[in-house]
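One structure is given below, encoded as structure tokens.
None of the figures in this text is laboratory data; all of them are computed from the coordinates on show. Because the structure is a prediction, the values reported are computed rather than measured. Neighbour counts are summed over all protein chains in view; Cβ atoms, including those assigned to glycine, are modelled from backbone coordinates with ideal geometry.
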Ligand SMILES: C[S@@+](CC[C@H](N)C(=O)[O-])C[C@H]1O[C@@H](n2cnc3c(N)ncnc32)[C@H](O)[C@@H]1O
């Protein structure tokens with residue numbers, strides 16, 4: 001595979017001039033990995049308006065490199081070399097990388113930034129300062145918070161979902177995971193639940209396997225990629241860490257480009273990607289069910305209207321909520337919402353909530 005259009009020529013990467021970071025470029029099947037500071041690296045290798053989606057998890061400026069002292073975990077399996085940012089420079093650092101992110105995003109492209117609470121205000125300041133527009137402020141709830149006695153236990157991260165303004169609005173594949181009329185056993189909409197802005201997900205438990213500090217769960221990344229990009233799109237992670245965004249993007253048949261400043265992390269974690277088959281996650285995805293509007297355009301027969309009226313009264317008598325009745329009727333009678341509502345009105349059946 002060649003380089004995506006608008007990627008700058010990669011032929012003129014300067015030779016290593018010394019210092020701890022080597023600007024290494026690795027191309028695995030057209031997916032590009034740079035062992036480099038993302039700000040300098042993006043300037044050097046990525047053109048304006050060149051990526052569709054950025055998913056990234058910058059260092060938190062809270063001494064992430066010594067985080068094991070706070071978390072009760074076996075450090076032998078956590079990759080060394082995590083590069084932290086000095087909290088005193090967090091604002092400037094955020095402005096610098098987020099203005100690069102803005103430049104490389106296509107108009108209408110999306111960015112998800114994972115952030116803790118401590119330096120959240122700097123990230124928000126930089127996102128707004130760069131001209132990105134808020135789509136959602138997502139709360140990711142987890143269950144690995146640090147135990148405290150004198151205050152509540154912190155058990156969430158912030159995920160800031162923003163878009164770069166443009167003529168085209170951001171991609172949002174609303175039914176990529178659940179059809180609009182799919183229900184849980186108690187009749188609740190699965191699509192609605194999946195799109196609520198509080199996500200309850202745990203980290204993967206990788207006992208005795210190498211991991212990065214703060215490694216994001218695959219499930220979380222897959223969700224963002226499914227909703228906010230299409231196969232063939234280019235996904236970028238400016239702070240790769242354990243290469244988790246890369247694994248999810250390649251697994252979903254997206255192109256990938258990313259940066260990681262730490263030589264140690266880069267060389268250890270890159271190995272996980274060797275032999276990864278593009279699209280390897282596709283088979284494991286659930287197929288959303290879409291209601292077939294099989295009777296679209298057909299006029300209602302008297303018999304059908306009678307049956308629909310009867311079903312409506314039954315559901316109402318069973319105290320089924322109004323917002324569940326219409327989708328249920330759509331499915332049973334193979335008609336769209338509008339057609340059902342019109343037919344109900346014609347039958348003199350109001351849609352007031354059952355008392
Ligand atoms: C919070 S971790 C990312 C974790 C990652 N999302 C994962 O799931 O494994 C942040 C990473 O950014 C790297 N980093 C710090 N400063 C950087 C910079 N200027 N450019 C690129 N990477 C950087 C750190 O070494 C660390 O691996």
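As an exercise, use a Förster radius of 30 Å and the Cβ-Cβ distance of residue 349 and residue 201 to find the FRET efficiency, rounded to the nearest 0.05.
0.15
Structural size metrics of the range 24-284, computed from C-alpha coordinates, are Rg and Dmax of 17.9, 53 Å.
Ranked highest first by average number of other Cβ atoms within 10 Å, how do 261-268, 80-87 line up?
Ranked by mean Cβ neighbours within 10 Å, highest first: 261-268, 80-87.
Pull out a ≥ b ≥ c, the square roots of the eigenvalues of the alpha-carbon gyration tensor of the range 302-346, then state rounded if a/c is under 1.5, prolate if not and a/b is larger than b/c, and oblate in the remaining case. Cα axes put the range 302-346 in the oblate bin.
Ordering 222, 51 by the number of other Cβ atoms within 10 Å of each residue's own Cβ, fewest first, gives 222, 51. Taking only the C-alpha atoms of the range 185-289, the Rg (one decimal) and the largest Cα-Cα distance, Dmax (whole number), read 15.1, 51 Å.
Annotation: extensible slack from residue 24 through residue 121 equals 31.6 nm (criterion: 0.36 nm per residue apart, minus Cα-Cα distance). Rounded, prolate or oblate: which fits the range 212-355, taking a ≥ b ≥ c as square roots of the Cα gyration tensor eigenvalues, rounded meaning a/c under 1.5, else prolate when a/b beats b/c? Prolate is the answer for the range 212-355, as a/c is 1.5 or above and a/b outweighs b/c.
Each of the peptides 182-191, 141-150, 245-254 was scored by the mean count of other Cβ atoms within 10 Å over its residues; in descending order, highest first, they stand as 245-254, 182-191, 141-150.
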